[in-house]
1. When we measure straight from the Cα of B:Lys230, which lysines land under 16 angstrom away, once same-chain ones fewer than 8 places off are left out?
2. Could you tell me the distance between the Cα centroids of the range B:152-231 and the range A:384-436, to the nearest Å?
3. I'd like to compare B:632-645, A:180-193: which one has the highest average count of other Cβ atoms within 10 Å, and what's the full order after that?
4. Going toward the positive end of the dipole of the protein assembly as shown, with +1 on Lys and Arg Cβ and -1 on Asp and Glu Cβ, which of B:Gly442, B:Gly876, A:Gln86 do you reach last?
5. Which one, B:Phe580, B:Ser631, B:Ile58, projects farthest toward the positive side of the charge dipole computed for chain B from Cβ point charges (K/R +1, D/E -1)?
6. Taking amide H positions as placed in the peptide plane 1.01 Å from N, state which residues far from B:Asn744 in sequence (5 or more) or on other chains have amide H under 5 Å from it.
7. Given a cut-off of 29 Å, name the pairs among B:Lys319/B:Lys455; B:Lys378/B:Lys977; A:Lys101/B:Lys526 whose C-alpha atoms lie farther apart than that in the structure shown.
8. Could you tell me the relative contact order of chain B? Use alpha-carbon pairs under 8 Å, at least six residues apart, and round to a whole percent.
Amino acid sequence: FLDLAPISNANQSNFYQTIEDFELAVNAAYATLYTFYGPTSAVSYFAEQLSDNATLYNVAGIQSDRWAFKDYNLKPSNTEVYRFWQECYKALYNVNIVLDKIGSAELNETYKTEVIAQMRFLRGLYYFNMVQMWGDIPLVSRPISVEESYATLRSPESEVHAFVVEDLAYAAANLPEPTAVTLAGKASKYAALTLLGKVYLALNQKDKAAESLLQVYGKFSLMPRYEALWGANVKNTAESIFEIQYQGGSPNLPFSRYWREYAPTENFVLTLYGGGMNQVTDDLYGEFEEGDPRREQTVSLGYTNKEGTFIPIKFQNKWVDKEAPAPSGEELSNNNFMVLRYADVLLMLSEATNDPRYLNEVRARVNLPLYGSDAYPSSQYNSLALAIEHERRVELALEFHRFFDLKRTDRAVAVVSKTKPIKNENQTVLPIPQIVIQQNPAITQNPAYQGL
Amino acid sequence: YSQERSLQGMVTNAKTKEPLPGVGIKTKDGTKSSVTDAEGRFRIVISPNTKSLIISSIGYETKEVPVQQQGLLRIELVEQEQSLDEVVVVGYGTQTKRAVTGAVASISHEKFQDRSFSNVAQSLAGQLAGVNISQSQGAPGQSPNIRIRGTSSITAGTNPLYVVDGMPIENFNLNNINPQDIESVEVLKDASSAAIYGSRGANGVVLVTTKLGKAGTTHVGFNYEYGIQKVSRRIDLMDAQQYIQYYVDAHNNGWINSGEGRSASDPNSVRTKPFQIPEDFTDPVKRAALGTGTDWQDVMFRTAPSHQAQLSVSGGTEKTQFLFSGNYLDQEAVLDQNYLKRLTLRSNIRQQVSDRFAVGLNLGVTGVYDRTEGTEGKSDVISLGLQSAPIFPVYNENGNLGFKDPNSTWYRFAQYTDLQLWHPYSLTRELHKQNKSFNTLGNAFAEYTILDGLKFKTSINANLLNTRYEMFWNKDQKYGYSSALPAQGNANSRFMLNWLSENTLNYDKQFNDHGLAVLLGYTVQKQRDEYQALSAGNFPNNLVPTLNAGTVNGGTSLAYEWAMISYLGRVNYNYKNRYFLSAVLRRDGSSRFGANNRFGYFPSVSAGWVISDEQFFESVKAINNLKLRASYGATGNNQIPNYGPIGLLGASNYVYGSELATGLMLTNIPNPDLRWERTNMLNLGVDVAFLQDRFRLSAEFYHSVTNDLLLNVPVPDITGFATQLTNVGKLRNRGFEVNINSRNIDRDFKWSTDFNLSLNRNKVLQLGPGNAPLLYTDYVVQVKTEVGQPISNFFGYIYDGVYKNQAEIEASPARGDGFTKPGDPKIRDVDGDGRITEADRTIIGNNQPDFIVGLNNSFSFKGIELSFLFQGSFGGEITNQLVRFNGIWNAGRNAFAKVSNYWKSESDPGDGWHFKPTVDPKGYQERFSSYWVEDATFVRLKNIRISYALPQRWVSKTPAKGIRIFANAENVYLWSKYTNYDPENTTYQSTSYSNIFSNAVPSATSTVSVPSGAFLGVDYGSYPLPRVITFGAKIDF
């Protein structure tokens, strides 16, 4: 009589046993990509708002906490930073629990290995982003109890990096070839290798980076036209290596929010509401060379309001879904989001090998003068490093790369200070949220935010 | 039998000489009985050996009269002077006041008759010591927040347990019971009286007993009331011209601050978007044309009428007693389009089947139709109305509501995204809502007397509640709210069935000087809640509001259950009706508790001593009653989520390509050890009565410690969770209550005074791991619960006004911070390190009052009665969360009128308190500080009642037996410094995990990261408490 099981919820007591259970848990782990790479995620703020690509005008929520990113006015009490911290570790938990439970499950070893490889890919992806965003971070490699959590302090960046490399190496060795990936959106061997290459680049181990990336070289191809990469219904192209899958049209489906969140606020013609996130700076617009088709594909110059007045707020043009229904006031968009794509691999290869030929493959697609040719604007980009920096900025604009790239090349302060009030290197990591330190005073704060 | 004869008589009140109906007449041997009729007459058949009659009636001293041979027997009864013999309802029975050894506050229907509240709890405010009843929202029928003897929990529920005619119901809404059907309300405050309710008693127990007719003639009563309600205290907001200046200055200040060489005279063409100002505001002619604009409070609120009619029939014989009543209330609300209509029907019957066997049924049916908005603050209509810019008209030239109408000249403002008009009508008239609720509460019982003094009682009780809610939002809302929301509709329904089987055995016997009463019981209770919701969009137009006209795009149904099994026992013993001892034990098992802790024991003991009955006390003539009471016991709090101990899995789906893949993730940390909170309370009380009860005083002291607090402890987020529900922590409440009743003048003219005072001190003794404080944040408002402090301190910076000039900044901790300029907020350097950092945040207030008082004075003279009730609360603070919208610049929202005294320049520094507005605040403008916290002290003239009973010489010419006319005024006047409507306003309600009366969508999981009760005393824009004046007449037939 008193043993009442929940009626409207499954419960954990008999879960994590069968393959069906694990499929459900794996799907939930994949679903954490929606928050981790969402339009207002940590990665979005870090890569774009902190960089010279994006700015904010009016936004919803605690405006000052959002403006603090573009203004380099971050404090440990920033509520957005705390939200990021929560979202990141929540995502990790959902990955870790699968890894933890599958170890002891009595299931087919092949199945277990594949699940483990997928989860370790996700975990590597998450930790790699987190360690860049915060520096030293608590390294949680399995579900931990509350008591254990108090003893889990920040691990040095190097340890986190080593952990990431280990996860990704395992994933690369055990994930299937793309042809064997039966479900669109699941990680393949090459997703792991691409990411591993990126990690090695960040660690300044260019040989290892090249070694990983070269395994990916030729396995994918650039879409013939840059414009063909974008559109609400363009999904999983030959250029896409790891892509987050969305499906619009119904509130019961995992629809995407990039279109709505990146539309200017109160526009009333593009979307019912606009989130006003990642509005495009003039500086980014000016970075494109004349005649670069990527400029129009990347940036909208503004919109015409209901009265017929043109409102010149620049916003993105990559994730557009004007057909998305909005039955309850929110556009249910269909656009996917590419985390890793082949153009990124090519540009990283040039960075790792110092060989401009990969870079030139990217430029050739958009019919721009090749690096090394006379027509190349070498007065502006007078080294291969600067050429790569420029090319990455325009090729991958607003795709959550810019600030990570600048950080990797130690150029963040020099470049961003031209348009935003960044003062020093210490500001290239986020504060540890105040509440984290209040809960566990043994956690230390990053130097830029001590005593605020 | 031939020798039997009939005897007639008449009973009157010895003092007033009025006839007394319903008086019991019995022969001494108990073989024959009768009851007086409405004229006080009786007839009884007696045998020759009947020597005397026993005459008894509640409230009168029982009398034995010798039988006389002939003629009418005239008997006068004397009213009982001894208040000690009043009967009060306690858990699972009744007791005389004399025998009560715990802390029980009792309030009978006279104390709330004529009051106009549809919810009896509202009428009790200020009348009960130790019970803090605060009306957080003024909408019709809203339940107040009730806290009995402080707050005994931090994150579990804090609502008392309601017991209606014996049936315990959590989170019951007393609006479902017609107050005029209520005989009395008793509040069990201490552990010994509440321990009989075991794991549900820790927040106190409110017992509601409905009326039953008395033997005698049938009594028919009719009454009608007409009322008017009005918002008597407005929030003082800026008018259009003040608002325009504020807007212009905020933009200029932001622009000047945004870069070198920028000045207030720069035209829009050189400014970036966020700093542009409409030409209407800068051109003096156009600006003047905007006038003083619209006061949106005038638009929202109206003077609202109400009607109430009631018919009741009660009466009975020695064997059958009954009450039938019907009441209809039709109340408009002061808020546009809002209303409450309620029909209540009640049938209470008790039938003595034989000498040993009685059965009964109490049945109450209530139907409520209402539309209630404006109570959720923040984005609800009242708050949005207060935020709306005053420059806009109620209707534009097209008859539409908003400036976002592209065909209106007002559309010129639409390009300024920081102008706000959430037109109240767009929510009240373009949005259609209705709640319907049907509540049935019934209890059927059978009582069998097994032996003399030994009774078995069994009852089946049920509470069945059905609610329906419908909502339809017109397309575009005439451009009022968002201007672009598509037409959409929602419909949801809730169902709740709670049933209880209660079986008790009662033994009550007097052995010479020893009185013994034993109660044993076994009860089983179960509740099931169901929720269903549907939503639809794509309506082609606004013509058909039902969901069939649109495309259904969402739907869900949920169900929850809980169950309890309880064993209870109580022994009451007295010696010479002078020494009292009582012991209670209850054993509760609940499905809500973890598998490892399913059952709990809740014992208590108590004792009382009526000193004034002692021989040695007889010489003390002035004191006619002196009684000491002491009790100690344990109660529990089970108000935790239904499936709190269980790790629940929630949906989290992914899509691979176009293949939807359902996913499940753990939504909370399971805890099989989870159990009730346990409160141990000591209560000491004394009751004194002087001068034959002319002056009565009762005082109590209590000390309670709650252990095993059910804390939704914030845990490090690296666990993957923000909180975990655990039994840790300890807190203490102790307090003092005093109740004084005095009959100051007691002749033809009567004057009596009731006074009560309560104070409670609340202190947290222990929290989760490392005693880490609990911090909850809503927007920027932070409440902190830490060891050594009361629950939920407001936690932020201390605000010291504005920096008047640069020199002041240079001499302050703000120097060199890179953003503070003259006119900006001055924050106190609490830790004295010479800088303003987050370490300077400190305790800036707490909502719990230092003490609360109630004072009632009643006067009566020849049928006229007059009373005044004052209520006061002293020493608490309230956080005005509307400051977010109306106290600081917030994207063009209107502001409090006082804000226009902001700093404008060194030569025009304003009032020194309000900082200069800016659209781009870089400092502490938006941070939570004492700028947001206000004194919640208030004194309220809560109620005035005046009534007049028409003299009998007039009434006798009508078919009626009695006619009384009355006027009643509620919330007559408020003395308070608070900026918003009312210092009792709090947007957040007591925490409740199973409140199906709320319209909030129930969460499928048990993780509630922020318990709303932690934010009690935070006002995010609430519903004002209107002044209500009612006129009525009561006619008895």
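The values are calculated or read from the model by the stated rules, or taken from the named source; none is laboratory data. What you are looking at is a predicted structure, and each value in this text was computed from that prediction instead of being measured. In this analysis, Cβ positions are derived from the backbone assuming ideal geometry, glycine residues included, and neighbour counts consider all displayed protein chains. Surface areas here come from the heavy atoms of the whole protein model, side chains and all, with no ligands, DNA or RNA. Shrake-Rupley method; radii C 1.70, N 1.55, O 1.52, S 1.80 Å.
1. Within reach: B:Lys942.
2. Taking the Cα centre of each part, the range B:152-231 and the range A:384-436 sit 64 Å apart.
3. Sorting B:632-645, A:180-193 by mean packing, highest first, produces B:632-645, A:180-193.
4. The Cα lying farthest towards the positive end belongs to B:Gly442.
5. Result: B:Ile58.
6. B:Trp751, B:Ser752, B:Thr753
7. Details: B:Lys319/B:Lys455 18 Å; B:Lys378/B:Lys977 22 Å; A:Lys101/B:Lys526 36 Å.
The pairs that break the limit, which is 29 Å between Cα atoms, are A:Lys101/B:Lys526.
8. Working: 2914 pairs, mean separation 125.7, N = 1037.
Relative contact order comes out at 12 percent.
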